[in-house]
Amino acid sequence: MRKSIIVSALLGLVLWVTGAQALTLSVQGDGNITDYEVVLVLHQLLFVFWLGPDLGRYLWSTRVADPQLSPTTRITGGELIKRIELFPKVCISLMLTIGGILTEAVGITHPWWQMAGIVLLGPVWLTMVVLGHFRANTNLGRLVNDTDVWFRLFMAGAVLASVSYSWSIGRLDNTPWVTGKLVLFAAILLFGMMVQIRLRPFDAALASMAASGPTEASDVSMSRSLAGARPYIFGIWFALAAAAWLGVAQPT
């Protein structure tokens, strides 16, 4: 518990300080590193540490589901998956806050209450992620993880509603690429929600294998579960790549 709180507090503090400074400074052309550029690098790092571990998690999932491998190897792979899956979750929890700060810097202004919500979202969501990961076997951790699917659904709806409103009043007319990135992020949230739902039998079969060894039924359950999640996993990767291209190209 103490470990999760410390990690959450430190990352949240960094986010608060960086975000507050980025809102007060503009991009300067004097060769100095600006706070905007620092936040931009953070945004890029979130992309890297999201996609990389997510690829690793999928590759290890295919090995865990492979009945040709030894039970020890498969169980060890399952433990590794649980460890590395924290990285994509941390990145997704911070992406909207960092992205919101960047949009402010490129000229999309927000009312103070909306910006306050954007800056608060990162630390709050991050705290949920950290508690769910490090306290997974406690009542609090289970509660957080059980509500994660619904939270993602809520956030996807909130993002789409915000984009629709901003588009209707012309607020995003000069930055259509921001609209595209936000819509893709909402899609990623929905895809991630479906991945969690589809992989529940996989997780249950893995726990059964760790407790009593592999069976034909658990092997079939893993294979079917992973196959059901695969289209959504690939959808997340495609949406991430498309969002990265929009951020670099910034088409008008």
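We did not get these values from a lab; they are worked out from the coordinates using the rules stated. Quantities reported herein were computed from a predicted structural model and do not represent experimental measurements. Don't worry about glycine lacking a Cβ; one is built from the backbone with ideal geometry, like all the others, and counts go over all protein chains shown.
Using C-alpha pairs below 8 Å separated by at least 6 residues, the relative contact order for region 2-249 is 19 percent.
Could you work out [θ]222 nm for the chain from helices alone, using -39500 (n - 2.57) per DSSP H run of at least four and dividing by all its residues? Round to the nearest 500 deg cm²/dmol.
-29500 deg cm²/dmol
Axis angle, to the nearest 10 degrees, between helix 139-168 and the longest C-alpha principal axis of the chain: 40 degrees. Consider the candidate values (1) 19.0; (2) 18.4; (3) 19.5; state which one is Kirkwood radius over Cα pairs in Å computed from the structure displayed. Correct label is (3).
Other residues with beta-carbon under 15 Å from the beta-carbon of Arg74 carry, at +1 per Lys or Arg and -1 per Asp or Glu, a net charge of -2. Think of each Lys and Arg Cβ as +1 and each Asp and Glu Cβ as -1; about the Cα centre, that makes the dipole of the chain roughly 600 debye. How far, in degrees from 0 to 90, does helix 216-249 lean away from the longest principal axis of the Cα atoms of the chain, to the nearest 10? Between helix and principal axis, roughly 20 degrees. For the chain, the residue among Phe191, Gln68, Val178 whose Cα projects farthest onto the positive side of the dipole built from Cβ charges is Gln68. Helix 86-105 axis versus longest C-alpha principal axis of the chain: approximately 10°, rounded to the nearest ten. With contacts taken as Cα pairs under 8 Å and at least 6 residues apart, region 106-186 reaches a relative contact order of 22 percent.
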